[in-house]
Ligand SMILES: [Zn+2]
Ligand SMILES: [Zn+2]
């Protein structure tokens, strides 16, 4: 008898988490349940369109998964939020970039006038990594993105600059009446702070409004955030407020602080769920684990 498995809904988008921690990979006993890899999420659309969100160390797990399935990828789009290490460091270990015949888009924001191509090539310059970007056998199209709208097959994608050091983009992918928002890394500031911007919060709430899925930076507990204001990340209370206000259907807590253990993440989830209940919110909150997938 076959092992029972989650039924894949016909025509659904399969959202798989390959790394949920932020900033640094944190392997060890304290991160066994949620995993210690850095940001990477894959979106498998019907019709074989694959979109990969960020290339943190989690992308190595995705690479292994694709190879284990014996799957020959011919094309995929990798959308990079921003070039901080935890979002691009896994790219050289993504095996499908090496064989000839594959086609990839690697798109994301330029930073300090440095193009996405140069940003990715920079970490593979022979000094920081022995293999040069020229070793990629796949045909790769690099593109610098700003705030814009574009399409990949039947998917419409919108972008928005987030509040984070450097240029960082959030993505909203619409497909067949469903939507997935990927908003990391991002800071919202408390109203008491001089950097708080009502305009920005309103714009962000509009950007994620009524989405089926919001995968977002929830790096800190509310207590930790008090000590980390200005570091470019969000706390539990803030993401709950955003998700509830924007009528998000499912909120996924993501990009956990490097010092947080599995138990700490459990606690953040409990706090978020209690806050949502207190607000009488219909938003469901999940803390996804590495390797876990959801059909949307
Ligand atoms: Zn990050
Ligand atoms: Zn960052």
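Each Cα pair under 8 Å and six or more residues apart adds its sequence gap; the mean of these over the residue count of the chain is a relative contact order of 18 percent. Arranged from fewest to most other beta-carbon atoms within 10 Å of their beta carbon, 218, 181 become 181, 218. Our note on the geometry: Cα centres of the range 32-95 and the range 228-284, 24 Å apart. Beta bridges from DSSP with both residues in the range 58-159: antiparallel share about 30 percent, rounded to the nearest 5. For the chain, the longest principal axis of the alpha carbon atoms and the long axis of helix 198-208 meet at an angle near 60°.
Looking only at the range 14-288, where both bridge partners belong to it, what percent of the DSSP beta bridges are antiparallel (to the nearest 5)?
Antiparallel bridges make up about 50 percent of those DSSP assigns within the range 14-288.
Using the Cα coordinates of the range 233-296, the gyration tensor eigenvalues translate into equivalent-ellipsoid semi-axes of 19, 15, 10 Å, sorted from longest to shortest. Computed from Cα atoms, the angle from the helix 262-278 axis to the main principal axis of the chain rounds to 50 degrees. Ratio of Rg to Rh for the range 14-288: 0.95 [Cα atoms; Kirkwood radius as inverse mean 1/r over pairs].
For the range 179-235, the equivalent ellipsoid derived from the Cα gyration tensor has semi-axes of 21, 14, 8 Å, listed largest first. The alpha carbon radius of gyration of the range 156-296, expressed as a multiple of 2.2 N^0.38 Å, is 0.98. The angle between the Cα long axis of helix 236-245 and the main principal axis of the chain comes to about 90°, on a 0 to 90 degree scale.
Comparing mean-square fluctuations of 39, 130, 99 from a GNM of the chain with C-alpha springs under 10 Å, the top value falls on 130.
Average projection, convex hull of the Cα set of the range 83-230: 10.9 square nanometres.
Diffusion coefficient (Stokes-Einstein, Kirkwood radius over C-alpha pairs, 20 °C, 1.002 mPa s) for the range 65-149: 159 µm²/s, rounded to a whole number.
FYI, it's all coordinate maths here, none of it is from the lab. Fair warning: this is a prediction, and the values are worked out from it, not measured in the lab. Positions of Cβ are backbone-derived with ideal geometry, glycine not excepted, and every protein chain shown enters the neighbour counts.
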